[in-house]
Amino acid sequence: MSAEYDIAETLDVKGESCPMPVVKTKSAIDGLAAEEVLEVLATDSGSMSDIDGWADGTAGVELLAQEEDGDVYKHYVRKTE
Amino acid sequence: MSTDTSDTPADDAPDAAEGDAPTRAELAARVAELEESLAEATDDDDGKKMSIIATKGTLDMAYPPLILASTAAAFGYDVTVFHTFWGLDILHEERSKNLKLSSVGNPNMPVPNAVAALPGMDRVTTKLMERKIDDNDTATIEELLETSLDMGVEFQACQMTIDLMDYDEADFYDGVTTGVGAATALQDMADADIQLLV
């Protein structure tokens, strides 16, 4: 799946728990240019719902995909503006 | 079939409407006007606000305001947290690192109240909680506070409580706003989309 996207940056928040995956995703997105894609690697199972909810409620970001790879939850977020 | 005339008003309705009702063009203009004001109102959503009043200073109760504040900031909210009474300890650089968990009055604790009330038990339950926080890689209060400050959350320390507790303004984290009172908090709450008392 990840091969489908041209990933500009990978954020590793493995081991961190709520609210850090969302908070750090937001900070990482702020550092990207429009249309760039951020890959987030997390082990917090709550990150699946939280990053989805965050992307839904936040202007200028689009959640492209979420997937489980063993113990790791992968999220792909594009900055749209 | 019947002499009931209840059908008649419905038949007449279009005629009756013609006299008083606005024309199609007027309606179209009104719809356009409403759509425009709706768009303006929706634009304002970019400036969402959250106001939290933090009144508790135990280790467990220090988490909710900080987690919600940092998360709301990640959503782009303009967040203000007004700290009063024991909530002030969360902003106190030294005291925030030593917040305690009460062993009594919490039936979820694995210790009966009669034992929990013994001297030193708060220290024991606090240590247990701190170990759990560490084992789970849960962010510490200090980390959450620093992160929230970085994200632009405004932390306010109630001036009345500062005076009451005899705290020094220099004891608080850099970036904490002092010299504010209930009126400031009320103003923030009135402007906010979400208001919470913790």
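Which residues, counting only those in region A:53-78, are assigned to a strand (DSSP E or B), open to solvent by 30 Å² or more (accessible area, probe 1.4 Å) and within 25 Å of B:Lys48 (Cβ to Cβ)?
Selection gives A:Glu62, A:Leu63, A:Leu64, A:Gln66, A:Arg78.
Tally the residues that are touching a helix residue (DSSP H, G or I) at 6+ places or on another chain (Cβ under 7 Å) and either away from chain A (no Cβ under 14 Å) or among the hydroxyl-bearing types (Ser, Thr, Tyr) (or both), restricting the search to region B:125-139.
2
Identify the single condition in (1) touching a residue at least 24 places away in the same chain (Cβ under 8 Å); (2) touching a helix residue (DSSP H, G or I) at 6+ places or on another chain (Cβ under 8 Å); (3) open to solvent by 40 Å² or more (accessible area, probe 1.4 Å) that B:Glu154 does not satisfy, given that it satisfies every other one.
Unmet condition: (2).
Please find, within region A:1-52, the residue that is least open to solvent (accessible area, probe 1.4 Å) out of those that are of a type in the set (Ser, Thr, Tyr), outside any helix (DSSP H, G or I) and at the interface with chain B (Cβ under 10 Å from one of its Cβ atoms). Before you say what the answer is, go through the steps one by one.
Here is the first cut: in region A:1-52, the ones of a type in the set (Ser, Thr, Tyr) are A:2, A:5, A:10, A:17, A:25, A:27, A:43, A:45, A:47, A:49.
Pick out the ones that are also outside any helix (DSSP H, G or I) and you get A:5, A:10, A:17, A:43, A:45.
The next check asks that each one be at the interface with chain B (Cβ under 10 Å from one of its Cβ atoms); those that pass are A:17, A:43.
On the way: A:Ser17: 27, A:Thr43: 57 Å².
So the residue we want is A:Ser17.
Given the criterion modelled with pLDDT under 95 and not basic (Lys, Arg), identify the matching residue among A:Ala42, A:Ala3, A:Ala28.
Checking each option against the conditions leaves just A:Ala3.
Quick check, is B:Asp122 open to solvent by less than 30 Å² (accessible area, probe 1.4 Å) and away from chain A (no Cβ under 14 Å)?
The answer is no for B:Asp122.
Return only the number of the condition from (1) part of a helix (DSSP H, G or I); (2) open to solvent by 70 Å² or more (accessible area, probe 1.4 Å); (3) at pLDDT 95 or above that B:Leu66 does not satisfy.
(2)
Go through (1) under 17 Å from B:Leu59 (Cβ atoms); (2) part of a helix (DSSP H, G or I) and name the single condition B:Ala72 misses.
(1)
If we scan region B:76-96, do we find a residue that is in a helix (DSSP H, G or I), surrounded by fewer than 23 Cβ atoms within 10 Å (Cβ to Cβ), in contact (Cβ under 8 Å) with a residue 12 or more places away in the chain and within 14 Å of another protein chain (Cβ to nearest Cβ)?
no
Against the definition (of a type in the set (A, V, I, L, M), in contact with a strand residue (DSSP E or B) (Cβ under 6 Å, 6 or more places away or on another chain) and open to solvent by 60 Å² or more (accessible area, probe 1.4 Å)), how does B:Leu164 come out, yes or no?
Values: of a type in the set (A, V, I, L, M): yes; in contact with a strand residue (DSSP E or B) (Cβ under 6 Å, 6 or more places away or on another chain): no; open to solvent by 60 Å² or more (accessible area, probe 1.4 Å): yes.
For B:Leu164, the condition - of a type in the set (A, V, I, L, M), in contact with a strand residue (DSSP E or B) (Cβ under 6 Å, 6 or more places away or on another chain) and open to solvent by 60 Å² or more (accessible area, probe 1.4 Å) - is not met.
The values are calculated or read from the model by the stated rules, or taken from the named source; none is laboratory data. Predicted model only: the values in this text are computed from it and were never measured. Here Cβ is always computed from backbone atoms with ideal geometry, including for glycine, and neighbour counts include all displayed protein chains. These accessible areas exclude ligands, DNA and RNA; they are computed on the full protein's heavy atoms, side chains included. Shrake-Rupley method; radii C 1.70, N 1.55, O 1.52, S 1.80 Å.
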